[in-house]
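Read-outs: derived from the displayed coordinates by stated rules, not from any lab. Not measured: the values here are computed from a predicted model. A quick note on method: Cβ atoms are made from the backbone with ideal geometry, for glycine too, and the neighbour counts reach across all protein chains shown.
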Amino acid sequence: MLGKTELLDAIAGKNRGVLATAADQQAIQAAIARLEERNPTPEPLAAPELLQGNWRLLYTTSQDLLRFEQIPLCRLGQIYQYILPDQQRIYNIAELYGLPLLSAVVSVAAVFQPVSKQRVQVQFDRSVVGFAGFLGYRSPEGFIQTLQSGKRLAALDVAIDTSNRDAWLDVTYLDGDLRIGRGNGGSLFVLSRT
């Protein structure tokens, strides 16, 4: 599809948005808007089989995520979002690389509640930050199984107070291998299925 190719070309080499100039951001946003107009799944929350699974972040305007790149002696690796629609759970995982043997994982878990055909209300409820080796981290899927076990991890593993958080996400484009979302803070997210 030409629209997808145009978007993927626009975000190539931008390090998920870290290297995007103002002109790049405008071009990317225009490509996203054109693709959203041709969304093949106008009711994405009614298609859990398409939402299900592991998604890798290709591009974002979220400063919360892009800020990881500014941590001294650290390099941002892959960022994943794993969705389990049947459990209404989302797991965000960021891989961080630093000095040898000091790779780390930052993860937040959330529950979500559909509030429209394309919007979910999101409540983050757990944060885990730790060294990958101590956590036994090898892949997002294996790590999520560990998180779901309820076991306390050898990491900074804390519950998040959700009483005053009002986060939502609109799924504005969804097909078998690409998903676009817009968040409550005005952030854009482009993800590909892994």
key: In nm, spacing of pseudo-spin labels at Arg56 and Ser149 (7 Å Cα→C-beta vector)   = 2.6 nm
request  = Would you mind calculating the gained length between Ala47 and Gln88 on full extension (0.36 nm times residue separation, minus the Cα-Cα distance), in nm to one decimal?
outcome  = 13.4 nm
task = Please give the helix 22-36 orientation as an angle from the longest Cα principal axis of the chain, in degrees from 0 to 90, rounded to the nearest 10.
result = 70 degrees
query = How far, in nm, would the chain grow between Ser127 and Asp24 when pulled straight, counting 0.36 nm per residue and subtracting the alpha carbon separation?
reply = 33.9 nm
key: Protection proxy ranking of 183-191, 18-26 - average other beta-carbon atoms within 10 Å, highest first   = 183-191, 18-26
key: Radius 13 Å from Cβ of Ser192, net charge of other residues (Lys, Arg +1; Asp, Glu -1)   = +3
key: Most fluctuating residue given options Gly136, Gly77, Gly150, as computed from a GNM of the chain linking Cα atoms under 10 Å   = Gly150
Cut-off 15 Å between beta-carbons: net charge of the residues surrounding Asp9, Lys and Arg +1, Asp and Glu -1 = +1
key: Spread of Cα-to-Cα distances over 10 Å intervals beginning at zero, given as percent, for segment 125-182   = 18, 33, 34, 15
message = Let's test this: bin the Cα-Cα distances of segment 73-169 at 10 Å from zero up to the farthest pair and state each bin's percent.
response = 15, 46, 30, 8, 1
note = For P(r) over Cα pairs in 10 Å bins from 0, in percent, with candidates (1) 9, 35, 37, 17, 2; (2) 9, 33, 31, 18, 8, 1, 0; (3) 10, 38, 32, 14, 4, 0, the value calculated from the shown model is option (1)
request  = With no solvent and one equal point scatterer placed on each C-alpha of segment 1-75, evaluate the Debye formula and give log10 I(q)/I(0) for q = 0.12, 0.21 Å⁻¹, two decimals.
outcome  = -0.43, -1.05
query = Once fully extended, how much extra length lies between Asp177 and Arg193, figured as 0.36 nm per residue of separation less the alpha-carbon to alpha-carbon distance?
reply = 5.3 nm
